[in-house]
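Enquirer: One structure coming up, written as structure tokens, with questions to follow.
The values are calculated or read from the model by the stated rules, or taken from the named source; none is laboratory data. As the structure is a prediction and not an experimental result, all values here were calculated from the model. Because the Cβ atoms are built from the backbone with ideal geometry, glycine has one as well, and the counts that use them run over all protein chains shown.
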Amino acid sequence: MTGFICPQCGARIDLFKVGGGETLARETNVPFLGRIPLDPEIVVSGDSGVPFAGGDVAGPSVAVLRAVVERLLAREGAADQGSETEKVH
């Protein structure tokens with residue numbers, strides 16, 4: 001999680017230090033997937049059992065979360081293709 005997006009003005013407010021996730025990803029040689037803004041709606045959806053990024057939900061947190069999911073799916077697809085290539089050879 002990263003900063004908070006003000007619902008009134010849309011400004012991002014950094015509540016914590018910035019860049020630690022990227023640094024850790026680089027040091028451990030894993031991809032950095034993105035910064036998901038803190039969003040009270042994530043709590044509401046989690047408590048109600050409804051997926052946060054599903055359906056017609058909009059906003060900066062949803063957009064970033066969907067982008068992270070797309071990156072994960074792309075990596076999984078690439079890994080699956082690599083496994084199929086290894087099986088063929």
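Enquirer: Does any residue in segment 28-42 that is on the phi > 0 side of the Ramachandran plot come within less than 9 Å, Cβ to Cβ, of a residue that is part of a loop (DSSP other than H, G, I, E, B) and of a type outside the set (Asp, Glu) six or more places away or on a different chain, and which pairs are these?
Expert: Close Cβ pairs (under 9 Å, with a partner that is part of a loop (DSSP other than H, G, I, E, B) and of a type outside the set (Asp, Glu)) do not exist here.
Enquirer: May I pose another question? In this structure, does ARG71 turn out to be at pLDDT 85 or above and in contact with a Leu (Cβ under 9 Å, 6 or more places away or on another chain)?
Expert: Against the criterion (at pLDDT 85 or above and in contact with a Leu (Cβ under 9 Å, 6 or more places away or on another chain)), ARG71 qualifies.
Enquirer: Assigned to a strand (DSSP E or B), surrounded by 10 or more Cβ atoms within 10 Å (Cβ to Cβ) and either polar (S, T, N, Q) or in contact with a strand residue (DSSP E or B) (Cβ under 8 Å, 6 or more places away or on another chain) (or both) - does that describe any residue in segment 11-26? Break it down stepwise before answering.
Expert: Pass one, segment 11-26, residues assigned to a strand (DSSP E or B): 12-13.
Pick out the ones that are also surrounded by 10 or more Cβ atoms within 10 Å (Cβ to Cβ) and you get 12-13.
When the remaining residues are screened for being either polar (S, T, N, Q) or in contact with a strand residue (DSSP E or B) (Cβ under 8 Å, 6 or more places away or on another chain) (or both), the result is 12-13.
Yes, because at least one residue in segment 11-26 is assigned to a strand (DSSP E or B), surrounded by 10 or more Cβ atoms within 10 Å (Cβ to Cβ) and either polar (S, T, N, Q) or in contact with a strand residue (DSSP E or B) (Cβ under 8 Å, 6 or more places away or on another chain) (or both).
Enquirer: Given the condition touching a helix residue (DSSP H, G or I) at 6+ places or on another chain (Cβ under 8 Å) and in a loop (DSSP other than H, G, I, E, B), answer yes or no: does some residue in segment 54-64 qualify?
Expert: Yes, that holds for at least one residue.
Enquirer: What's the number of the condition ILE5 fails, among (1) surrounded by fewer than 10 Cβ atoms within 10 Å (Cβ to Cβ); (2) more than 24 Å from ALA79 (Cα to Cα); (3) under 16 Å from the mean Cα position of the chain (by Cα)?
Expert: (1)
Enquirer: Out of the residues in segment 33-51 meeting the condition of being loosely packed, with under 13 Cβ neighbours inside 10 Å and outside any helix (DSSP H, G or I), tell me which one is modelled with the lowest pLDDT.
Expert: Here the residue is PRO51.
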